[in-house]
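Here the structure comes first, spelled out in structure tokens, and everything after it is commentary.
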Amino acid sequence: MIKQFEISTSKRDEMIDITEDVQGWIDEQGIQDGIVIVQSMHTTAGITVNENADPDVKTDFLMRLDEVFPWNHKKDRHREGNTAAHLKTSTVGHSQTLIISGGKILLGTWQGIYFCEFDGPRSRKFICRLTK
């Protein structure tokens, strides 16, 4: 089973919690035990699992990625000018594989699934694949 989700981002760099979207689809499918793969369909947006309790974690995460991969670097050659977004996505990764048990995604107390925008604002897509 595969589902495509659409998401609109509002900033160049942001992390959007998509945990409820993914869990809601799992609930609709009635899957009790299995695997869900969450995958970004873009080269400048990724998927990660991180803390969803303290909003400063997202702020710090994006700030540190900007420090490592500055948006304007004099040696970048990619003519679209978004080399930093490509590097951030490759670092974060384009997908996450998560275990489902008892109908719920197995996440730690403060963990959430995030869509990471690195070249927004844009209309974006991510897909989920369920296996039993």
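Has segment 43-60 got any residue that is basic (Lys, Arg) and exposed (fewer than 15 other Cβ atoms within 10 Å of the Cβ)? Within segment 43-60, none of the residues are basic (Lys, Arg) and exposed (fewer than 15 other Cβ atoms within 10 Å of the Cβ). Within the option set Ile26, Ile18, being under 19 Å from the mean Cα position of the chain (by Cα), at pLDDT 95 or above and closer than 21 Å to Ser123 by Cβ holds for one residue only, Ile18.
If only residues of segment 30-42 that are buried (at least 17 other Cβ atoms within 10 Å of the Cβ) and of a type in the set (S, T, N, Q) are counted, the one that is nearest to Asn72 (Cα to Cα) is Ser40. Checked against the criterion of being more than 30 Å from Lys132 (Cα to Cα) and not small (Gly, Ala, Ser), segment 89-108 contains not a single residue that satisfies it. Here Thr44, Thr19 are screened, and the one residue that is under 19 Å from Ile113 (Cβ atoms), in contact (Cβ under 8 Å) with a residue 12 or more places away in the chain and in contact with a helix residue (DSSP H, G or I) (Cβ under 9 Å, 6 or more places away or on another chain) is Thr44. Cβ-Cβ contacts under 8 Å between residues 6 or more apart (or on different chains), taken from a first residue in segment 80-102 that is in a strand (DSSP E or B) to a second residue that is charged (D, E, K, R), are listed as Ile100/Asp33; Ser101/Asp33. Residues that are in a loop (DSSP other than H, G, I, E, B) and either surrounded by fewer than 16 Cβ atoms within 10 Å (Cβ to Cβ) or modelled with pLDDT of 95 or more (or both) within segment 61-70 comprise just one, Pro70.
The values are calculated or read from the model by the stated rules, or taken from the named source; none is laboratory data. Everything quoted here is computed from the prediction, not taken from an experiment. Counting neighbours? That spans all protein chains shown, and the Cβs are built from the backbone with ideal geometry, glycine included.
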